[in-house]
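Encoded as structure tokens, the structure appears first; notes follow it.
Just so you know, all these numbers are worked out from the coordinates, no wet-lab data involved. Keep in mind that this is a model prediction, so the values were computed, not measured. Glycine gets a Cβ as well: all are built from the backbone with ideal geometry, and neighbour counts include every protein chain shown.
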Amino acid sequence: MENERLRAENEVAKARITELESVIANRTFIFTDSVTGKSYNVPYSLVEKYATFSIYDINGKPVYFTDGLLQTLGYTKEEIDAYYAEQGEIVSLMYPEEHEQEHVRSFLAELNRSKEGYKATFYPTAKDGRKLAIEFSTEPIFGPDGKIIGTVRFARDVTGEHAAKQMLNVDMLTGEANRHGFEKRFLEAVVQKEV
């Protein structure tokens, strides 16, 4: 009885993934040049070849990761699939701290309900323990009936940019807050006191 139920669930999941893949393969994405502001329609075949992104079904199951994203995170697709099969999610794989997991899960729950895309920066931990700064731009994927069947999550590794911004607040010789860092901390303390 249990085996039949699991087989049926597996067949439903396979059908959803097939539907998701067919919708994605026929889709074009709109990219906007940040300098000129001009938008371009880009076919999926080019996006798959040159962009760093992942695709998830509506239940949050990872369906596809580009090689570039896997390299950034340090995991193989097989490791991510095995973790998902064991845990039923992958958030805790890349976000070891409980407060990070709660934040990411609430964001993903909102994302699965929304018909709009989002842009946010998250700080996952790579397999080798490095803390990353990844800017995600997400877009819902709609099935033929207009219902959301998954999400595409474009990722940009901004770890270097994030570290450079942090360095603006620290004196290179002493490691202490410089004037800019002091002013920033002072203003944050004033705002906290007023709240």
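Computed 3J(HN,Hα) for the range 60-72, one whole-Hz value per residue from the Karplus formula 6.51 cos²θ - 1.76 cosθ + 1.60 where θ = phi - 60°, is x, 6, x, 9, 8, 10, 6, 4, x, 5, 4, 5, 4, glycine and proline marked x. Which pairs break 21 Å Cα to Cα here: LYS127/LYS184; LYS77/LYS127; LYS77/LYS165? LYS127/LYS184; LYS77/LYS165, as the Cα separations exceed 21 Å there. Rounded to the nearest Hz, the phi-derived 3J(HN,Hα) couplings of the range 136-151 under the Karplus curve 6.51 cos²θ - 1.76 cosθ + 1.60 (θ = phi - 60°) are 9, 10, 10, 9, x, 10, 9, x, x, 8, x, 8, 6, 10, x, 9, where x marks glycine and proline.
Converting phi to 3J(HN,Hα) with the Karplus coefficients 6.51, -1.76 and 1.60 and the offset θ = phi - 60°, the range 94-110 yields 9, 10, x, 7, 4, 5, 5, 4, 4, 4, 5, 4, 5, 4, 5, 5, 5 Hz in sequence order, with x at every glycine or proline. Run the quick spin-label model on ILE148 and SER92: label points 7 Å from Cα toward the beta carbon, then report their separation in nm to one decimal. Rounded to a tenth, the inter-label distance reads 2.4 nm. Distant-in-sequence amide contacts of VAL63, defined by a placed amide H-H separation under 5 Å and a gap of 5 or more residues or a different chain, comprise ILE55, TYR56, ASP57.
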